[in-house]
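Below is one structure, written out as structure tokens, with a few remarks after it.
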Amino acid sequence: MPGVTRLALGAIDLALDLDAEADSAMLDYARAQVVIACRAAGIAAPLDSPSVAITDLHAVEQSARTARGFGFGGKLCIHPAQLAPVNAAFVPTQEQITWARSVVFAGEAAVQVDGQMIDKPGAEKARRILRRAGEASA
């Protein structure tokens with residue numbers, strides 16, 4: 001669809017429409033489909049539905065980490081208290097950054113890094129991690 005640059009999943013509304021529970025595996029299926037559709041359309045990674053937890057910041061961060069694991073590019077927030085845990089879930093860890101730097105340093109050919117074979121997909125993953133970390137040279 002021309003002009004569409006990013007989608008967002010409304011899991012709360014979708015659960016209501018499907019008469020499903022908020023933690024239903026059906027919503028995980030929908031999450032995967034939205035991420036795949038965005039990738040296929042060549043648009044930005046989608047935003048995940050907000051967590052309804054406001055005071056349980058651990059639950060908010062876990063929900064955001066799950067979204068990151070699905071391939072979402074961010075997560076909507078419904079309260080300012082959610083910003084820090086959501087941000088923490090989407091910013092690469094120091095361990096991920098260190099791994100990504102070692103992969104990029106190893107070069108473009110299929111190489112071994114820390115006992116693992118790294119080829120083109122691994123090198124691209126490393127560059128994406130470094131871009132998410134704000135390293136311009138990635």
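The values are calculated or read from the model by the stated rules, or taken from the named source; none is laboratory data. A quick note: this is a predicted structure, and the numbers were derived from the prediction, not measured. Quick reminder, even Gly has a Cβ in these numbers, built from the backbone with ideal geometry, and neighbours come from all protein chains shown.
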Condition first: in contact with a Lys or Arg (Cβ under 8 Å, 6 or more places away or on another chain), in a helix (DSSP H, G or I) and within 29 Å of Gly3 (Cβ to Cβ). Can you find one or more residues in segment 127-138 that meet it? no
For helices (runs of 4 or more DSSP H) lying entirely in segment 1-79, having 1 or more residues that are in contact with an Asp or Glu (Cβ under 6 Å, 6 or more places away or on another chain) picks out 57-70
I want to confirm something. Restricting to segment 54-84 and keeping residues that are among the small types (Gly, Ala, Ser) and free of Cβ contacts under 8 Å to residues at least 12 places away in the same chain, which single residue is surrounded by the fewest Cβ atoms within 10 Å (Cβ to Cβ)? Gly69
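One line per residue, one yes/no per condition, for (1) within 20 Å of Phe70 (Cα to Cα); (2) touching a Gly at 6+ places or on another chain (Cβ under 8 Å); (3) among the polar types (S, T, N, Q); (4) in contact (Cβ under 8 Å) with a residue 24 or more places away in the chain:
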| residue | (1), (2), (3), (4) |
| --- | --- |
| Val91 | yes, no, no, yes |
| Gln94 | no, no, yes, no |
| Arg101 | no, no, no, yes |
| Val111 | no, no, no, no |
| Gly115 | no, no, no, no |
| Asp119 | no, no, no, no |
| Gly122 | yes, no, no, no |
| Ile129 | yes, no, no, yes |
| Arg132 | yes, no, no, yes |
Can you give me the number of residues within segment 6-27 that are within 12 Å of Phe72 (Cβ to Cβ) and either modelled with pLDDT under 95 or touching a strand residue (DSSP E or B) at 6+ places or on another chain (Cβ under 6 Å) (or both)? 3
